[in-house]
Amino acid sequence: MAQQEEEPGAIAFFPDPPPFYRNFTSENRDRLQEFKTSAAISDGAPLSVSQLLSLPTELRFLVPPEPPVGDEQYRVFNHPTKLNQHAPTLKDWNIDQLYPSPPSPKDGEDPASQSGWTLDRQTYLRRMVRSILVNFVELLGIVAADSTSPDVADKMKNIETIASNMHQLINEYRPHQARETLINIMEEQLEKKRAEVEGIKRMKAKVDGTFAEFRKNAPERGGLGMTDGDRERVSEEERRTAGQRMMWQVMDEVLG
């Protein structure tokens, strides 16, 4: 029976949340607030170590840890991480770099002066594609002749190095890709706004034309073929009713 109860947890697609989430209740929050009030701790002020240890275990989880500062490490998914963490380079992975790096500034030279240096990534990517194909063909020849040859590991190492360099070069296009994606999104939004403005202008022109037609025909329709003497006997209420009826007709024509 116990084995049957454990099976749903074993086959769950996502892992269970940490057990201390059960401590985040309204009652515990009120208890923590009462403790801060009794200890004269203002909202947002950190708790000292002694105050934190004096709390019950279920209330300690409600106190967030202090954010890391400087080069202090913290753990994300049990992996040490830093705030100023940078993307690993080929050198960090102990992989040979097959393309040139930007020149280092000389002593006393402004690093901004190196901003004009560029790398023709397309040329190096084409060379690496050809090289990786040649190495793959050579690997097939070595395996066909002797699959246990030590040259197999060397060729695999070469292919891995070339592929890693290609991946690193492609990743350097990410900022450019992000800028272009943002530009495309902004252009789409701009075109959408322009289309909305044009639609409003067309509707305004249609409404203006309809009201102009209404102003031109309103006296004739308001009279309904009456003589001058009959028009004088038409009450103001009837005139207003006729005008409202005509207005609704105009709105029906405009809005469809």
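Compare the peptides 28-39, 202-213 by average per-residue count of other Cβ atoms within 10 angstrom and give them in order, highest first.
Descending packing order for the listed peptides: 28-39, 202-213.
List the lysines whose alpha-carbon lies under 22 Å from that of LYS157, not counting same-chain residues fewer than 8 positions away?
Candidates past the 8-residue exclusion: LYS91.
Can you give me the Cα centroid spacing of region 159-186 and region 29-99 in angstrom?
Each part reduced to its Cα centre gives a spacing of 33 Å.
Straight distance only, please: which lysines reach the Cα of LYS204 with their own Cα at less than 23 Å, same-chain residues fewer than 8 apart left out?
Counting by Cα, and skipping residues close in sequence, LYS204 has these lysines nearby: LYS192, LYS193, LYS216.
For region 15-82, what is the relative contact order in percent, using Cα pairs closer than 8 Å and at least 6 residues apart in sequence?
Contact order relative to length: 31 percent.
May I ask for the equivalent-ellipsoid semi-axes of region 15-82, computed as the square root of five times each C-alpha gyration tensor eigenvalue and listed largest first in whole Å?
Taking √(5λ) for each Cα gyration eigenvalue gives 24, 18, 9 Å.
Report the local net charge at GLY141: Lys and Arg +1, Asp and Glu -1, summed over other residues whose C-beta lies under 12 Å from its C-beta.
Numbers: positive: LYS155; negative: GLU138, ASP146, ASP151.
Neighbourhood net charge equals -2.
Regarding region 121-172, what is the average projected area of its C-alpha convex hull, in nm²?
So the Cα hull casts an average projection of 3.2 nm².
Where does the charge balance sit around GLN33 when Lys and Arg score +1, Asp and Glu -1, over other residues with C-beta under 14 Å from its C-beta?
Residues near GLN33 contribute -1 overall.
Just so you know, all these numbers are worked out from the coordinates, no wet-lab data involved. Predicted model only: the values in this text are computed from it and were never measured. So basically every Cβ, Gly included, is an ideal-geometry build from the backbone, and we count neighbours across all protein chains shown.
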